[in-house]
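For reference, the structure discussed in these notes is given below.
The values are calculated or read from the model by the stated rules, or taken from the named source; none is laboratory data. Please read these numbers as outputs of a predicted model, since none were measured by experiment. Quick reminder, even Gly has a Cβ in these numbers, built from the backbone with ideal geometry, and neighbours come from all protein chains shown.
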Amino acid sequence: MENVLRDHPPPPCDGANLDLGLSLREICAAHRSNEKQQMRALLRSVGPSFCPSDVDWFGDESHPKNADKSVITKFLQSQPTDYSTSKLQEMVRLMKEKRLPAAFKCYHNFHRADDISPDKLFYKLVVHVHSDSGFRRYQKEMRHMPSLWPLYRGFFVDINLFKSNKGRDLMALKSIDNAVKDASENDGQREKDGLADGDANLMIKLKFLTYKLRTFLIRNGLSILFKEGPAAYKTYYLRQMKIWGTSDGKQKELTKMLDEWAAYIRRKCGNDQLSSSTYLSEAEPFLEQYAKRSPMNQILIGAAGNLVRTEDFLAIVDGDLDEEGDLVKKEGVTPATPEPAVKEAVQKDEGLIVFFPGIPGCAKSALCKELLNAPGGFGDDRPVHTLMGDLVKGKYWPKVADERRKKPQSIMLADKNAPNEDVWRQIEDMCRRTRASAVPIVADSEGTDTNPYSLDALAVFMFRVLQRVNHPGKLDKESSNAGYVLLMFYHLYEGKNHNEFESELIERFGSLIKMPLLKSDRTPLPDPVKSVLEEGINLFNLHSRRHGRLESTKGTYAAEWTKWEKQLRDTLVVNSEYLNSIQVPFESVVHLVREELKNIAKGEYKPPSSEKTKHGSIVFAAINLPATQVHSLLEKLAVANPTMRFFLEGKKKTIQEKLERSHVTLAHKRSHGVAAVASYGQHLNREVPVELTELIYNDKMATLTANVGCVDGETVVSKNEWPHVTLWTGEGVTAKEANTLPQLYLEGKASRLVIDPPVSISGPLEFF
């Protein structure tokens with residue numbers, strides 16, 4: 001070949017002898033120490049035809065590329081000149097107030113350089129959400145404020161800040177301000193979730209690549225697609241869509257697109273799996289090309305900017321519901337938890353896996369035994385069987401998978417705690433491979449800020465375990481480290497509160513059953529029990545930091561563990577009467593769980609509400625007080641004062657009903673206006689201390705006077721002249737009439753009991 005080329009040289013190419021300058025490697029090497037100089041050299045090298053000016057990269061002397069951080073503050077303080085700007089301000093303000101994990105970067109807009117003046121500035125605002133937790137928290141806010149614009153992973157908008165001519169523009173600004181307020185207050189009446197027709201274009205351009213589609217259907221399915229093939233991938237994404245409750249029509253559209261994606265990426269990559277960290281470099285070009293084929297495809301993918309013609313988009317979605325809920329508001333109630341998957345009856349040729357994301361002592365084995373022996377099963381003819389984890393030799397979940405393959409149509413009661421996402425993934429995999437649905441059963445507990453299970457629940461679990469005799473798993477009263485084992489399980493759930501925990505299970509499996517555990521009218525956990533549990537948690541943290549998962553009988557803290565285990569047993573024995581009294585009777589637990597499982601099998605499942613459901617718009621802001629603490633206060637007052645005891649005795653039932661909804665109203669829409677209620681948004685879901693100072697009552701009503709405390713040093717001021725907790729109203733008496741009690745007391749028509757010293761109770765500030 002070399003000889004042929006030497007004897008017959010190729011003809012010269014045009015420009016072959018031109019000096020093309022330094023190579024990319026040489027340019028970068030020459031300016032290695034300074035990235036800015038490196039960029040300037042690269043821009044100079046491509047020549048003036050490609051880059052006539054580097055202003056877009058570096059700005060100029062008067063306007064550097066990066067704008068001052070104060071631009072965001074100025075933007076939020078500025079008067080919006082249209083409704084869409086006010087909605088954007090609302091979104092950014094909330095994200096800043098709630099400290100969501102997001103970046104807000106401002107750049108000078110040099111495309112408008114000729115229009116820049118001291119009184120008129122142009123910027124590009126880039127918003128980037130760093131963490132998935134930001135979406136969860138923002139969605140929680142959207143439940144309280146349905147008119148909020150939806151949030152996306154990243155987007156940018158053009159901002160124009162200008163000074164108005166005060167004399168000439170005052171009336172115009174007032175008119176704009178009134179229009180914005182009117183639009184905001186009429187938000188709930190809008191058919192399109194607060195988006196005026198002119199704003200739809202902006203929201204379409206903000207919606208680039210739907211996060212659900214990109215992350216869950218493409219990225220998370222890569223390993224299945226490459227390891228198990230297109231058929232398994234199809235099973236995966238159809239199940240995911242079922243969990244979301246995706247409509248049949250939208251499922252059909254997504255299936256067509258995802259099948260094309262699977263064929264495209266397998267053809268391009270072969271058997272070399274595409275990395276989940278770089279998948280967007282392949283997915284985005286594919287989706288962009290797919291979107292260009294038709295307006296329907298553009299809607300499906302949510303393509304950006306000029307790819308979408310707004311009039312085409314609106315013609316398609318007019319009168320219809322957008323799958324993501326971005327443009328059209330669903331009528332009725334906003335679900336507090338993700339859309340359930342179980343909308344049709346579980347097919348008879350499919351199986352069911354019932355499992356327990358719980359802790360030892362949650363009564364799963366006793367429940368499985370009762371369910372197994374229940375006459376009539378779950379209302380159909382599928383066989384029910386159970387597999388107890390403590391009796392299985394070797395790994396448990398592979399054994400469950402084997403049983404599922406042998407009996408694919410059966411209902412399996414998986415009698416073993418399933419405490420982490422690794423186990424949940426195995427169960428999801430089993431469902432895909434063996435055509436089954438899965439139902440998690442969790443003990444109903446209000447939890448803590450960082451754990452789905454409260455200390456009350458943990459105390460009951462420990463109490464039950466330490467009453468066991470001859471347990472197959474050797475975890476009973478004879479176990480020297482039983483307390484440590486339960487603390488270890490408790491910490492496996494650390495990091496999620498009960499709302500996040502339950503929502504994730506529903507999103508993964510489409511359903512959830514709450515197993516009643518504690519009575520709602522129980523008194524607070526006794527201090528000795530609470531103290532011994534907190535000591536154990538502190539000791540566990542010390543032990544695990546130093547020794548990891550080493551047994552408690554070994555290591556530096558072995559003596560402390562021995563002492564604590566004895567103290568735990570002694571404390572629980574002393575408080576055994578209390579711990580027995582606060583538990584929901586087991587017979588009713590079995591009945592409720594069995595009925596829920598029957599409903600799931602028949603397709604009548606309704607997701608449990610982990611938050612208060614909002615009907616329509618927000619009406620008032622209030623501090624929600626724990627019923628048990630208010631109840632405890634009343635009991636103490638009754639013991640100390642015979643008159644009070646006599647007054648409360650005949651009204652126990654009606655007072656108990658009121659206590660379930662005990663709150664201190666801060667502002668009401670009818671009395672104080674929408675803006676007054678909305679002003680408490682900055683403290684939403686924050687714990688606010690309330691001091692209860694006196695009880696005022698007569699033969700028609702009774703209330704507690706409340707002094708509202710501070711959040712981060714700032715006093716939360718009630719718009720009500722007299723903040724109070726309504727305890728009881730007689731027949732035909734409205735709660736609003738309780739506001740007259742202080743005046744009635746001054747007139748001698750009501751009695752007062754001073755609470756000395758005042759009792760302090762904290763509760764979250766919420767919208768209702």
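In a helix (DSSP H, G or I) and surrounded by fewer than 22 Cβ atoms within 10 Å (Cβ to Cβ), is that true of residue 499?
yes
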Determine if the range 598-618 includes at least one residue that is of a type in the set (Val, Ile, Thr), crowded, with 16+ Cβ neighbours inside 10 Å, modelled with pLDDT under 90 and in a loop (DSSP other than H, G, I, E, B).
yes
(1) free of Cβ contacts under 8 Å to residues at least 60 places away in the same chain; (2) under 30 Å from residue 95 (Cβ atoms); (3) surrounded by fewer than 19 Cβ atoms within 10 Å (Cβ to Cβ) all hold for residue 685 apart from (1)
Here is a list: 766, 694. Which entry is over 21 Å from residue 632 (Cα atoms) and not β-branched (Val, Ile, Thr)?
766
Based on this model, can you work out whether residue 456 counts as closer than 17 Å to residue 358 by Cβ and either part of a loop (DSSP other than H, G, I, E, B) or at pLDDT 90 or above (or both)?
yes
Go through (1) charged (D, E, K, R); (2) crowded, with 22+ Cβ neighbours inside 10 Å; (3) out of contact with any Cys (no Cβ under 6 Å at 6 or more places or on another chain) for residue 415 and report which single condition fails.
(3)
Only residues in the range 118-129 that are under 14 Å from residue 101 (Cα atoms) count as the first member; pair them with residues that are among the aromatic types (Phe, Trp, Tyr) and not in a strand (DSSP E or B), Cβ under 8 angstrom, at least 6 apart or cross-chain, and list the lot.
129/135; 129/152
With the structure loaded, tell me whether residue 72 is within 30 Å of residue 89 (Cβ to Cβ) and either at pLDDT 65 or above or in contact with a Cys (Cβ under 9 Å, 6 or more places away or on another chain) (or both) or whether it fails that test.
yes
So which residues in the range 454-495 are over 21 Å from residue 553 (Cα atoms) and in contact with a Gly (Cβ under 6 Å, 6 or more places away or on another chain), if there are any at all?
454, 461, 464
Any residue at all in the range 491-499 that's closer than 25 Å to residue 573 by Cα and either in the same structural domain as residue 583 (by TED's automatic domain parsing) or modelled with pLDDT under 85 (or both)?
yes
From (1) of a type outside the set (Phe, Trp, Tyr); (2) in a strand (DSSP E or B); (3) over 27 Å from residue 520 (Cα atoms); (4) within 35 Å of the chain's Cα centre (by Cα), pick out the condition that doesn't hold for residue 763.
(3)
Is it the case, given these coordinates, that residue 401 is out of contact with any Gly (no Cβ under 9 Å at 6 or more places or on another chain) and not aromatic (Phe, Trp, Tyr)?
yes
In the range 96-116, is there at least one residue being at pLDDT 85 or above and part of a helix (DSSP H, G or I)?
yes
Looking only at the range 117-142, and only at residues there that are farther than 17 Å from residue 70 by Cα and assigned to a strand (DSSP E or B), the one that is modelled with the lowest pLDDT:
117
Would you call residue 694 charged (D, E, K, R), out of contact with any Phe, Trp or Tyr (no Cβ under 6 Å at 6 or more places or on another chain) and part of a loop (DSSP other than H, G, I, E, B)?
no
Select from the range 380-403 the residues that are touching a residue at least 40 places away in the same chain (Cβ under 8 Å) and assigned to a helix (DSSP H, G or I) and write down the one among them that is surrounded by the most Cβ atoms within 10 Å (Cβ to Cβ).
400
When you check residue 238 against the structure, is it modelled with pLDDT of 80 or more and in a helix (DSSP H, G or I), yes or no?
yes
Any idea how many residues of the range 713-725 are farther than 10 Å from residue 688 by Cα and surrounded by 15 or more Cβ atoms within 10 Å (Cβ to Cβ)?
7
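Residues checked against (1) free of Cβ contacts under 8 Å to residues at least 60 places away in the same chain; (2) surrounded by fewer than 16 Cβ atoms within 10 Å (Cβ to Cβ); (3) small (Gly, Ala, Ser):
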| residue | (1), (2), (3) |
| --- | --- |
| 695 | no, no, no |
| 701 | yes, no, no |
| 711 | yes, yes, no |
| 728 | no, no, no |
| 732 | yes, yes, yes |
| 741 | yes, no, no |
| 744 | yes, no, no |
| 748 | yes, yes, yes |
| 752 | yes, yes, no |
